[in-house]
């Protein structure tokens, strides 16, 4: 049932994508925004209560329906699973930005591509003076993080015993993290939701990175995983973007700082090789390679899921 639920949800999402203004998305967004208004007092205990209130009611409702259908109407349980994964996966919620930027760069419309990236990323990145290589770099980095949170992270939490309830818990947590840091949430609540996100994303992040490593350039992906994490402050983002860039053979992140002459001499005496950049500078053609990498990773995990399902049936 799990394999077919994911497969049907993927097909449905490709042909009838769930947009950012879909009524399900609006309900979730409003729920996320209202919780801090009633439960966030700026203290650690209230932050824990706010996160519990955010997650427990919807998770229990989805889990209760899921369990009742399994024991009473198995066919409708499949439909319920497909529906939850379909509404909460959101593959196409970001892919249209990626596709649009790719088309604009292929047509040499740099200014419009900058505007599209700015509309996607928001005020956190000034795109007005970005050269093409930086434009491609930020697009790839944003896409790698988005495909993990919208697809691979959802896959993982759907496979845990609570099934669709895990999907709801995961996506609501991510929506809260993204909304609360720009809303009226207190710093304590933002810190707690960041820690919670790191906890629930620890295993999915590494599984996604393993997928990129397998279907891409294995050597460069592993090297980036080991030595390029210092490029990013967030460890999860460092693992995902590092392995994604290594798998593509593209330099992502800010260039590594060069060691000075004294450090170079000391490292040479100790027989330690300096950490080096791997891969090419990003160009527009790498966007197509990035899309191909994602689909290869999706196919990989679908094959593994199918094999696991067959093993369980046998």
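For the reader, a short list of remarks on this structure follows.
- Scanning segment 173-193 for residues that are part of a helix (DSSP H, G or I), touching a helix residue (DSSP H, G or I) at 6+ places or on another chain (Cβ under 6 Å) and more than 9 Å from residue 47 (Cα to Cα) yields 173, 174, 175, 176, 177, 179, 180.
- Filter result for residue 238 (closer than 30 Å to residue 304 by Cβ, modelled with pLDDT under 95, out of contact with any strand residue (DSSP E or B) (no Cβ under 8 Å at 6 or more places or on another chain) and in a helix (DSSP H, G or I)): yes
- Each residue in segment 114-154 was checked for being under 30 Å from residue 86 (Cβ atoms) and either part of a helix (DSSP H, G or I) or over 20 Å from the mean Cα position of the chain (by Cα) (or both), and 23 pass.
- Residues in segment 31-59 that are loosely packed, with under 12 Cβ neighbours inside 10 Å and under 18 Å from residue 167 (Cα atoms) were compared, and the one that is nearest to the chain's Cα centre (by Cα) is 56.
- Number of the condition not met by residue 211 [criteria: (1) over 12 Å from the mean Cα position of the chain (by Cα); (2) within 25 Å of residue 49 (Cβ to Cβ); (3) in contact (Cβ under 8 Å) with a residue 60 or more places away in the chain; (4) part of a helix (DSSP H, G or I)]: (2)
- Inter-residue pairs, beta-carbon under 8 Å, first at positive phi and modelled with pLDDT under 90 and in segment 270-297, second surrounded by 15 or more Cβ atoms within 10 Å (Cβ to Cβ) and in a helix (DSSP H, G or I), 6+ apart: 279/220; 279/245; 279/246; 279/248
- Residue satisfying condition, being free of Cβ contacts under 8 Å to residues at least 60 places away in the same chain, over 28 Å from residue 17 (Cα atoms) and more than 17 Å from the chain's Cα centre (by Cα), within set 192, 228: 228
- Residue that is surrounded by the most Cβ atoms within 10 Å (Cβ to Cβ), among those in segment 155-170 that are outside any helix (DSSP H, G or I) and in contact (Cβ under 8 Å) with a residue 24 or more places away in the chain: 163
- The combined condition, being modelled with pLDDT of 85 or more, crowded, with 21+ Cβ neighbours inside 10 Å, within 26 Å of residue 69 (Cα to Cα) and in contact with a helix residue (DSSP H, G or I) (Cβ under 9 Å, 6 or more places away or on another chain), is not fulfilled by residue 212.
- Restricted to segment 171-184, and to residues there that are touching a residue at least 40 places away in the same chain (Cβ under 8 Å) and under 15 Å from the mean Cα position of the chain (by Cα), the residue that is surrounded by the most Cβ atoms within 10 Å (Cβ to Cβ) is 176.
The values are calculated or read from the model by the stated rules, or taken from the named source; none is laboratory data. Keep in mind that this is a model prediction, so the values were computed, not measured. Cβ coordinates were reconstructed from backbone atoms using ideal geometry, including for glycine residues, and neighbour counts include every protein chain displayed.
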